[in-house]
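Only one structure is covered here, and it is reproduced in the block below.
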Amino acid sequence: MKKTQSPWINAILLCFLISFGVAAQTQQGHTNQNKFRQLYDQFADPNKYHNASGAPGVEYYQQQVDYVMDIELDDEKSRLYGEETITYTNNSPDHLPYLWLQLDQNIRKNDAPALEKNGSGNSVTQRPSSFVSTYVNDPFDGGFNIERVVDAQNNALPYKINQTMMRVDLPKALAPGGVYVFKIKWWYNINNHVEGRGRSGYEFFEKDGNKAYVIAQFFPRLCVYNDVEGWQNYQFWGNGEFALEFGDYEVNITVPSDHILEATGSLQNPKEVLNREEYKRFQASENSYDKPVIIVNQQEATAKESDFSQKKSTWKFYAENVRDFGFATSRKFIWERQAVQVGDQKVMAVSIYPKEGNPLWEEYSTKAVVQTLKTYSKFTFDYPYPKAVSVHAKNQGMEYPMICWNYGRPDEDGTYSDRTKFGMISVITHEVGHNYFPMIVNSDERQWGWMDEGLDTFVQYLTEQDFGISYPEAIEGLDAYPSRRGAPNKIVPYMAGNQDFISPIMSNPENVYQLGPNAYAKPATALNILRETVMGREAFDHAFKTYAQRWMFKHPTPEDFFRTMEDASAIDLDWFWRGWFYSTDAVDIGVKNVKRFYFSDTPDLEAQERLEAYGYNLENLPEMVFKIDENSESFDPELAGKTGIESSQILKDYLQNEGLDSSATIPNYFYEVEFEKPGGLVMPLIVEYSYADGSTELVTYPVQLWRKNDASVKKIIASDKELVGVTVDPQLETADVNTDNNSWPKQEAPSDFEKFKEKIKG
């Protein structure tokens, strides 16, 4: 029998080793790496502008910028001319000697640094059109041509252009509370967005010679000035989108008189730009709650394609409290409108599209707009604007206040695949949804792409599922809408991928390898898991709505979102933000081992060694009940199959002395289940236990289970039923990247060849 060393012998041995220079090496200290430590070192400190709860502080401020614009489209030259009067209100506590504006079209200047932001290798194959456009044709020059910058009295103002930014120097610093008015005249060449993949531009239709314009980033716009970084001065490089101030817009847009035009804001002069029948339909659409009213139908739009009117019409729009402005115009547009009741307000759901979008667009576009307004409002706030417009544009997916452009084009014969249909519905949902994030909850897209794209994609997922319920005919043959992003299993390939090409969510959009998974899919999945698995729907929904309503028409930061979600739910989530948003760790939790134990009145060798280590005299032990591992070397086969009462007289006697019913008190089976966590992310441990009688039990252990051992944890299962199976995350709720270790007994995964055979069969 093994004997323990006395303490004084161990001390003498240690002194002996030290005297001969073989002392144990002093262990180096370490910083706190516990996955549950707070994020104080990552978060910006709360202050009077952004408080510790995640709400706007008592001295929160933001600037206001109002625009009055006259815009004219030259359809023949594909050129846009503009004059704007800008009224800038300084609500900050600072004196501003100059103002910074964004010139985003300058990314299309033929010498723009953004054109050289990526490396380029030699492609051994290239289409002739691509070769000619790259190496033969002169590069397209689509940057702003600034003709003048003047004050309200038409006195010239000095200005300096730096790539996609322009500084306007003021005669004297603008004091807190001050208002400054100045004017800019400009023009630029409109790009073909189909060839150049721009967010704005035109599509040329060769068959009829027409163009369809989707125009945005078309005017010099004020940069944000705030308490976080002063002037937002991160240049526009293409991926990071826009940081903008709220204001009111009066915009007059002159186009050929046979065009149909939609834009941000309410149309002020419908009688002037519409014929009598169009105006009659326009008025009727105001009460069309059941289905859309078609203002201009396909036959009428097609008839205009050959007119090319030389006359002009000016469409006048007014928009209150918006951060941007966009418009779309073409003589090819079909136009439909439907009224939607959102809270106490009537909202117009609008679609405009050329005949090339039908029959798909007439069937589903406005339906998607309606569903988006309803679902997003349910989870955030009632939509505050008078309309939401979906514009058909080839290969597009881009958003602006009240208006967005969306892809989804059938084949020339009018047929389309489910992929095209669901892709179109999803992109419309996503882009209309952007009205909420970031057009109203106005995060800085230039710095934090996930704050608009990720939050929007999450609510998009909820909306798509609602769409499938509202319009079951659209998903005929499917159990639910086939969302591409949001469900945990959809993000597994990305999170299990090569770490060299994965960035944390908290990364600038310009600096990630895979923007779609990083800024859209992963944060959407994280929020879905947070709602369904970590917080629960009630707590999550309340906190998420609190964030949205706190920051309506304001500029939130990431900390404001993180803090609000905790503040409104009383759930500490620092561990979740750290893992999902600040790291590239993945989820991998599995079953390491399962042991069955039997009762015994005598210890096995393992128990004996442990007792001796704690100083127990084995000859004079008090009465104890021992649990013996059936796989230990000293296991007594006589114990196999016996219940606790049958194998332990000590236990039986104790129960009798206490007057307890042994059959109702003592479980027949004892198991030790050890779970391992090879992955870096901590997550709640979701386990399904299966028993010999066919029953199952689903247990969710809190994430704090991992707080003291990040590698493995053990749980004791005491039951009247024999345990025959253990499965981690049976419903695939946690985005576990490796399900091979999720089951006991281990389930053999089908080989690639077997998967191939099944695919062929199907």
Counting only residues that are more than 29 Å from T739 (Cα to Cα) and surrounded by fewer than 20 Cβ atoms within 10 Å (Cβ to Cβ), segment 476-510 contains a total of 3
Note on segment 135-174: residues loosely packed, with under 13 Cβ neighbours inside 10 Å, assigned to a strand (DSSP E or B) and of a type in the set (D, E) are E147, D169
Some residue of segment 690-699 being surrounded by 14 or more Cβ atoms within 10 Å (Cβ to Cβ) and within 19 Å of F36 (Cβ to Cβ)
no
Single match in Y364, Y353, Y383, Y376 (criterion: modelled with pLDDT of 95 or more, more than 26 Å from the chain's Cα centre (by Cα) and of a type in the set (F, W, Y)):
Y353
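Checking the conditions here, which among A543, A548, A570 is farther than 30 Å from V713 by Cα, among the aliphatic types (A, V, I, L, M) and free of Cβ contacts under 8 Å to residues at least 40 places away in the same chain?
It is A543.
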When residues of segment 177-202 are limited to those that are among the charged types (D, E, K, R) and within 29 Å of the chain's Cα centre (by Cα), the one nearest to L101 (Cα to Cα)
R199
Taking only pairs six or more apart or across chains, which ones have beta-carbon atoms under 7 Å, a first residue in segment 726-738 that is touching a residue at least 12 places away in the same chain (Cβ under 8 Å) and part of a strand (DSSP E or B), and a second residue that is of a type in the set (G, A, S) and buried (at least 21 other Cβ atoms within 10 Å of the Cβ)?
V728/G590
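Select from segment 616-633 the residues that are closer than 20 Å to V594 by Cβ and not basic (K, R) and write down the one among them that is modelled with the lowest pLDDT.
E633
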Condition first: of a type outside the set (S, T, Y), over 21 Å from Y213 (Cα atoms) and either buried (at least 18 other Cβ atoms within 10 Å of the Cβ) or in contact (Cβ under 8 Å) with a residue 60 or more places away in the chain (or both). Can you find one or more residues in segment 395-410 that meet it?
no
Just to be sure I understand, how many residues within segment 619-650 are polar (S, T, N, Q), assigned to a loop (DSSP other than H, G, I, E, B) and touching a helix residue (DSSP H, G or I) at 6+ places or on another chain (Cβ under 7 Å)?
2
Right, E229: surrounded by fewer than 21 Cβ atoms within 10 Å (Cβ to Cβ) and either modelled with pLDDT of 95 or more or not assigned by TED's automatic domain parsing to the domain that holds Y81 (or both) or not?
no
Exactly one of these conditions fails for E412: (1) farther than 18 Å from Q465 by Cβ; (2) within 22 Å of the chain's Cα centre (by Cα). Give me its number.
(2)
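Condition check ((1) under 30 Å from V726 (Cβ atoms); (2) outside the structural domain of L685 (by TED's automatic domain parsing); (3) of a type in the set (G, A, S)) across all residues:
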residue	(1), (2), (3)
F561	no, yes, no
T564	no, yes, no
I571	yes, yes, no
D601	yes, no, no
Q608	yes, no, no
D636	yes, no, no
Which fully enclosed strands (runs of 3 or more DSSP E) of segment 184-260 have 3 or more residues being closer than 16 Å to K332 by Cα and touching a residue at least 12 places away in the same chain (Cβ under 8 Å)?
201-205, 210-215
Filter segment 676-722 for residues that are part of a loop (DSSP other than H, G, I, E, B), more than 22 Å from I529 (Cβ to Cβ) and touching a residue at least 40 places away in the same chain (Cβ under 8 Å) and give the result.
D720, K721, E722
Taking the options Y513, Y520, name whichever one is among the aromatic types (F, W, Y), in contact with a helix residue (DSSP H, G or I) (Cβ under 9 Å, 6 or more places away or on another chain) and buried (at least 17 other Cβ atoms within 10 Å of the Cβ).
Y520
Given the structure, is F325 more than 30 Å from R550 (Cα to Cα) and among the aromatic types (F, W, Y)?
no
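Rundown of residues vs (1) of a type in the set (D, E, K, R); (2) modelled with pLDDT of 75 or more; (3) under 23 Å from L244 (Cα atoms), yes/no style:
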{"site": "T85", "(1), (2), (3)": "no, yes, yes"}
{"site": "N90", "(1), (2), (3)": "no, yes, yes"}
{"site": "W100", "(1), (2), (3)": "no, yes, yes"}
{"site": "L103", "(1), (2), (3)": "no, yes, yes"}
{"site": "R108", "(1), (2), (3)": "yes, yes, yes"}
{"site": "A112", "(1), (2), (3)": "no, no, yes"}
{"site": "K117", "(1), (2), (3)": "yes, no, no"}
{"site": "S120", "(1), (2), (3)": "no, no, no"}
{"site": "S123", "(1), (2), (3)": "no, no, no"}
Checked pairs for segment 48-71, first farther than 30 Å from I253 by Cα and among the polar types (S, T, N, Q), second crowded, with 19+ Cβ neighbours inside 10 Å and at pLDDT below 95, C-beta under 9 Å and 6 or more apart or across chains, list as none
Scope segment 297-320; condition surrounded by fewer than 16 Cβ atoms within 10 Å (Cβ to Cβ) and polar (S, T, N, Q); matching residues:
N297, Q299, T302, S306, S309, Q310
Within segment 577-603, count every residue that is under 55 Å from the mean Cα position of the chain (by Cα) and outside any helix (DSSP H, G or I).
18
Restricting segment 603-653 to residues that are in contact with a strand residue (DSSP E or B) (Cβ under 8 Å, 6 or more places away or on another chain) and among the basic types (K, R), the one surrounded by the fewest Cβ atoms within 10 Å (Cβ to Cβ) turns out to be K642
Subset of segment 50-103 [farther than 19 Å from H555 by Cβ and either charged (D, E, K, R) or within 31 Å of the chain's Cα centre (by Cα) (or both)]
D70, E72, D74, D75, E76, K77, R79, E83, E84, L103
Where residues in segment 513-532 are more than 9 Å from the chain's Cα centre (by Cα) and touching a residue at least 60 places away in the same chain (Cβ under 8 Å), which of them is nearest to Q460 (Cα to Cα)?
N528
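The values are calculated or read from the model by the stated rules, or taken from the named source; none is laboratory data. A quick note: this is a predicted structure, and the numbers were derived from the prediction, not measured. Here the Cβ is made from the backbone with ideal geometry for all residues, glycine too, and neighbour counts use every protein chain on show.
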